[in-house]
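Worksheet: the structure to be examined is printed underneath.
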Amino acid sequence: MTGPHRSLLLVGCLTLTACGGPQAPAKPPAPPAPTTDSPGIASSPSPDLTPVPAPADLIAVGRLANPATVIDTVAAWAKYPIDVRALVSKNKPEAAALLVYDAPVEFAVALDNKGLGNFPQPFAVVSIGVSSVEGTVEFAKRQGQSVRMQRPGVYQIAKGKSPVCAVAASIGKAPARLVCGDRQEDIDALLGYATRGLPTENMGKADLHIELRADPLRRRYSKDLRQLKTMAAPFVLSEMSLDSPRFDRALADAVHGVADEVLSLAEDIDQIRIEAALDKSGNVLETTTAFKFRGQSSWTVQTMVDAAKRSKGVPEMFWKLPKDSELATFGVGANAKRYDAIRKTLAELMDGALEKEKVPRKVRDQLSDVLLDTWTAEGDFVYAHSELMGSGAPGKPGSALAIRDSIRSRLGWYVIGIDDKPAKYKGYLDKVVKLYNDAQLRQLLDKRMKVKGTDLPKLSARPARGLAGGATTYELVLTSAFFGKLDGAEKGARVPPLSIVITVLPDGDRTWIGLSADEKLLNTKLTEVKKGDATLASREGIGQLKTARGVSGGFFTAGNLVKSAADSIADASDIKKALNAMPHHGETPVLMWTTVSAGAGPNVLWTLRVPRAVVEDIAAIAPLLAAMKKEPVPVMAPEGIAPPVAPGPVKPKALSKPKKR
């Protein structure tokens with residue numbers, strides 16, 4: 001093995017054969033006796049087991065507390081007949097006798113502050129528990145690996161090769177540890193800590209613990225970051241400027257603002273911790289990702305703390321979302337004032353660029369008005385989505401007909417609820433329709449981009465069909481001519497038009513917004529949420545969210561993930577069969593929520609709970625997905641068509657950067 005292939009490092013350590021040399025004999029030899037070419041094994045002084053403190057520049061540590069138990073549990077949940085101990089014993093009997101199965105697998109990473117260059121490669125090692133130094137040394141020698149004693153209880157293995165390993169006496173659960181790194185420098189820097197410090201570090205009771213520390217990085221690179229800003233900002237400005245006073249001034253504000261935010265966030269962050277624990281009695285895997293901050297000088301941290309102050313728990317309207325949702329979330333409304341500077345700067349950038357291109361003032365004013373009205377939703381919001389199964393309509397993979405069907409199925413339906421007055425969102429979408437159909441804009445597109453109005457999708461507003469209460473529908477029609485212009489369109493083939501609708505449904509001072517290519521189905525969902533029929537309140541498996549006090553949360557299902565992943569590789573009928581073959585049909589919810597604690601040093605905690613049923617479903621469907629043979633079908637919608645990704649008004653599509661003249 002050569003080069004920094006760290007992904008193979010752990011496997012090499014586990015078998016003790018990836019470090020070079022021939023394979024172990026099929027029949028294990030008799031227990032080894034001390035040999036003359038292994039000086040000191042029979043009568044060496046006691047090894048040094050003095051505890052070693054963590055290096056000052058340690059930036060990451062991690063521990064898989066009991067690898068064999070974790071694998072056994074996951075295998076049992078997945079119903080895979082895997083016995084790790086028996087598997088290793090059968091294939092590597094000598095290695096099986098050396099491994100301490102209940103000892104943790106650990107890793108450590110530290111900065112090399114004396115290394116060459118601005119960003120020297122950090123030191124990094126992986127460590128596993130073994131039953132003895134002597135047995136490991138003899139085993140390594142039988143594999144043809146070079147072994148050299150460095151000091152009592154410490155032996156270098158495979159020096160000069162990658163990975164480089166050493167075995168040493170250890171404190172903690174295992175009497176010895178095999179420690180491997182990509183370079184000799186890694187072993188020299190971290191072997192002592194890996195064997196006499198890391199095993200006793202308190203990492204809690206989680207099965208998996210990963211900790212990233214920012215302070216050493218800040219001490220080492222904060223000055224470099226400030227220098228990078230000083231050097232990079234003028235370069236970016238010179239490359240992107242248009243010699244337009246309005247645009248260039250706004251560009252300078254944006255570049256310096258982003259750079260300052262990066263520096264402030266680097267000063268705020270203290271630690272990132274990732275943990276995962278298997279609850280065998282509760283049949284659930286719970287993971288947490290915690291961001292610990294030491295201050296709140298950055299806009300990002302201030303915004304999260306502000307959201308925590310505004311949070312009142314799960315909004316009541318979350319429980320009104322459709323019961324059959326494959327994904328549903330809730331969130332705290334934004335403080336619109338915090339986005340004022342961002343909106344104004346983006347509006348100035350866009351207007352200055354379009355002014356340089358001599359775009360008519362009327363068009364520019366409408367674009368600015370739409371942009372300045374974005375990110376202004378302050379009410380709490382909820383969101384639900386489900387994909388549709390493909391229609392199974394005939395069409396070669398990659399053809400316009402296949403793309404049409406993919407847009408329809410992947411779009412599925414979306415329902416968004418906002419605790420805000422409907423007039424605001426109707427007014428916003430009215431502006432978008434007016435701008436889209438502006439005659440001057442159409443002339444500009446025809447002249448500058450050679451895009452004829454007849455080739456564009458048609459956008460219009462009308463009263464909603466089949467919905468009472470003053471609902472308005474905004475309809476975007478992808479015409480046959482539009483599909484005919486796509487790559488892959490078959491000559492002479494007629495693709496039916498596809499209508500995509502956005503419907504705004506008033507509900508007192510609350511607003512429901514739906515999006516789908518199936519208007520009839522969407523109307524059904526909007527009626528359900530307004531009347532409170534077939535809602536999440538009666539869905540099993542999400543009750544824990546009722547006590548969540550986070551700034552956001554919700555759930556998703558394995559079925560939604562399968563449809564998203566498999567749509568490009570399988571026919572609709574195959575996906576349906578695969579979902580039916582899953583023990584729980586991909587309907588079990590995976591819960592998630594985010595909490596923010598205020599204070600001088602705020603913490604952000606993201607929690608994910610994966611039930612055993614989800615593991616069973618994924619394990620059951622994996623072989624079926626692997627066997628699907630369908631050629632890839634493009635799943636990206638044509639330019640300008642995408643499902644909403646935010647609870648507020650639909651954001652305008654970002655303009656391409658104008659070419660510098």
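The values are calculated or read from the model by the stated rules, or taken from the named source; none is laboratory data. Treat the numbers as computed from the prediction; the structure is a model and nothing was measured. Cβ sites come from the backbone with ideal geometry, for glycine too, and all protein chains shown count toward neighbours. Accessible surface areas use protein heavy atoms only, side chains included; no ligands, DNA or RNA. Shrake-Rupley method; radii C 1.70, N 1.55, O 1.52, S 1.80 Å.
Carbon and sulfur together cover what percent of the accessible area of the range 51-158 at a 1.4 Å probe radius?
64
Taking 7 Å along the Cα-to-C-beta vector as the label spot, tell me the Asp260-Asp438 distance in nanometres, rounded to one decimal.
Modelled inter-label distance: 3.1 nm.
Run the quick spin-label model on Glu239 and Ile82: label points 7 Å from Cα toward the beta carbon, then report their separation in nm to one decimal.
4.4
Could you state the accessible area per residue of the range 394-446 in Å², with a 1.4 Å probe and every protein chain left in place? Working shown, then result.
On the way: 2230 Å² over 53 residues.
Roughly 42 Å² per residue, with all protein chains present.
May I ask you to list the trypsin sites (Lys or Arg not before Pro) in the range 205-245 that are in a DSSP loop and have at most 12 other Cβ atoms within 10 Å of their Cβ? Let's see the in-between values first.
Details: sites: Lys205, Arg213, Arg218, Arg219, Arg220, Lys223, Arg226, Lys229; in loops: Lys205.
Those that pass, being in a loop and sparsely packed, are Lys205.
Any chance you could run the full-extension gain for Asn113 through Ile272? It's 0.36 nm times the residue separation minus the Cα-Cα distance, nm to one decimal. Show your work: numbers first, answer last.
Details: separation 159, 0.36 × 159 = 57.24 nm, distance 2.18 nm.
Length gained, Asn113 through Ile272: 55.1 nm.
According to the square roots a ≥ b ≥ c of the eigenvalues of the Cα gyration tensor, what is the shape class of the range 211-322, taking rounded for a/c under 1.5, prolate for a/b larger than b/c otherwise, and oblate for the remainder?
On the way: a/c = 2.90, a/b = 1.64, b/c = 1.76.
Because a/c hits 1.5 or more and a/b fails to exceed b/c, the range 211-322 counts as oblate.
In this model, which of Lys280/Lys546; Lys431/Lys452; Lys312/Lys424 are farther than 27 Å apart at the alpha-carbon? Before the final figure, lay out each step's value.
Working: Lys280/Lys546 23 Å; Lys431/Lys452 22 Å; Lys312/Lys424 23 Å.
None, as every Cα separation is 27 Å or less.
For Val359, list long-range residues whose amide hydrogen, built 1.01 Å from N in the peptide plane, is under 5 Å from its own amide hydrogen.
none
Just to verify a number: FRET efficiency for Asp446 and Ala600, C-beta to C-beta distance, R0 = 51 Å, to 0.05?
Numbers: r = 57 Å, r/R0 = 1.13.
With a Förster radius of 51 Å, E is 0.35.
Quick check on packing: order 174-182, 58-66, 305-313 by the mean number of other C-beta atoms within 10 Å, highest mean leading. Don't skip to the end; give the middle numbers.
Numbers: 174-182: 25.8, 58-66: 20.0, 305-313: 16.4.
The most tightly packed comes first, giving 174-182, 58-66, 305-313.
Taking the Cβ-Cβ separation of Ser146 and Asn580 as r and a Förster radius of 56 Å, what is the calculated FRET efficiency to the nearest 0.05?
Numbers: r = 57 Å, r/R0 = 1.01.
That gives a FRET efficiency of 0.50.
May I ask you to list the residues of the range 312-339 whose amide nitrogen lies under 14 Å from a point 7 Å from Cα along the Cα→beta-carbon direction of Thr524?
Under 14 Å, as judged by backbone N against the label point of Thr524, lie 322-325 of the range 312-339.
When the accessible area of the range 242-348 is split by element with a 1.4 Å probe, what percent falls to carbon and sulfur?
Working: 2850 of 5070 Å².
Heavy-atom surface of the range 242-348 belonging to carbon and sulfur, 1.4 Å probe: 56 percent.
Rank-order 192-202, 551-561, 355-365, 579-589 by packing density, defined as the average count of other C-beta atoms within 10 Å over each peptide's residues, highest first.
So the order, starting with the most tightly packed, is 551-561, 192-202, 579-589, 355-365.
Using Cα pairs closer than 8 Å and at least 6 residues apart in sequence, work out the relative contact order for the range 243-295, in percent. Walk me through the numbers on the way to the answer.
On the way: 44 pairs, mean separation 17.0, N = 53.
Relative contact order, the range 243-295: 32 percent.
Rounded, prolate or oblate: which fits the range 55-105, taking a ≥ b ≥ c as square roots of the Cα gyration tensor eigenvalues, rounded meaning a/c under 1.5, else prolate when a/b beats b/c? Let's see the in-between values first.
Details: a/c = 3.66, a/b = 1.55, b/c = 2.36.
It comes out oblate by the Cα gyration axes.
Describe numerically, in nm with one decimal, the distance between label points set 7 Å from Cα along Cα→Cβ at Val74 and at Ser131.
About 2.6 nm separates the two model spin labels.
Report the full-extension gain for the segment Thr547 to Lys173: residue separation times 0.36 nm, less the Cα-Cα distance, to one decimal in nm.
On the way: separation 374, 0.36 × 374 = 134.64 nm, distance 3.88 nm.
Extending this stretch completely gives an extra 130.8 nm.
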